[in-house]
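What follows draws every value from the coordinates through simple rules; no lab data is involved. The structure displayed is predicted, hence computed values, not measured ones. Neighbour counts are summed over all protein chains in view; Cβ atoms, including those assigned to glycine, are modelled from backbone coordinates with ideal geometry.
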């Protein structure tokens, strides 16, 4: 995979990401950039990063702008998440990627899956895995379960400019419906943080707004290989949304594939079966990158 010129522009990405980028560039290994979605932090990828490092890749787990370091800090200072838009976050990840000397693979979950596709559409990804990706302009289905999952934010227009936490019951429905009660509580305590309301409003109105930031250049011939992953039991991003995204992407000259993970909900990247999903992603990326 060809190298890419490192950006000369300063990027504010935090000491942890700076260290990971420096290690990736020094190693010569193919970087893999992981992008989390709403209600999670970069630490939700820690186990994935270890697996990919063992496989010979250089993992990089940047946060969204201003992400706190820990769940405790995030819950103590929810205001730092407010007013983060899809375009702002996509530009932030683009800046991070441009500090890498090799074009990375990109893996994203939920809104991270949407961001991964946006970045791929900008020609910044050597191979992309979008897991239960949030919808973008051109993706039309609006299943009832997706609307219910989003209602804690979309139910109040003022939430567009706020950071919104999920209650345990809301998290149980949106993320953890396919695991036991005990595991759901553990996931909530371990991973759940407040989230910016703006991206949900942007995604919900994407098909009404020609200037929306929730859009993907699915025709770019430099998009590269793309795998769209759907959890069979996902309430937040049901299969119909992922399939509609696949249909938008499949005419791209690059390889475009779709896979459903049986029996899994939206927490499939963090629940006890995360390794199965990581293996699917690693096998896809490994077909195109070394």
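Brief remarks follow.
- For segment 14-286, the calculated P(r) over all alpha carbon pairs, in 5 Å bins from 0 to the bin holding the longest distance, is 1, 6, 14, 19, 21, 19, 13, 6, 1, 0 percent.
- If R0 equals 25 Å, the separation of the Cβ atoms of residue 217 and residue 12 corresponds to a calculated FRET efficiency of about 0.45.
- As a proxy for reagent exposure, ranking 19, 103, 247 by other Cβ atoms within 10 Å from fewest up yields 19, 247, 103.
- Of all DSSP beta bridges in the chain, antiparallel share, percent nearest 5: 10 percent
- Length-normalised contact order of segment 214-290 in % [C-alpha pairs under 8 Å, at least 6 apart]: 34 percent
- Estimated 222 nm signal from helices in the chain, with DSSP H stretches of n ≥ 4 weighted -39500 (n - 2.57), rounded to 500: -11500 deg cm²/dmol
- Cα gyration tensor, segment 156-290 - rounded (a/c under 1.5), prolate or oblate: oblate
- Ordering of 72-82, 91-101 by burial proxy (mean other Cβ atoms within 10 Å per residue, highest first): 91-101, 72-82
- The ranking of 34, 173, 288 from fewest to most other beta carbons within 10 Å of each one's beta carbon is 288, 173, 34.
- Using only alpha carbons, segment 45-112 has a radius of gyration to Kirkwood radius ratio (Rg to Rh) of 0.99.
- Only Cα pairs under 8 Å and 6+ residues apart enter the sum, and on that basis the relative contact order of segment 14-286 stands at 22 percent.
- For peptides 268-276, 255-263, sequence by mean Cβ density within 10 Å, most packed first: 268-276, 255-263
- Note on segment 196-275 and segment 47-126: Cα centroid distance 16 Å, given to the nearest whole angstrom.
- For the pair residue 79 and residue 55, a Förster radius of 41 Å applied to the C-beta separation gives a FRET efficiency near 0.60, rounded to the nearest 0.05.
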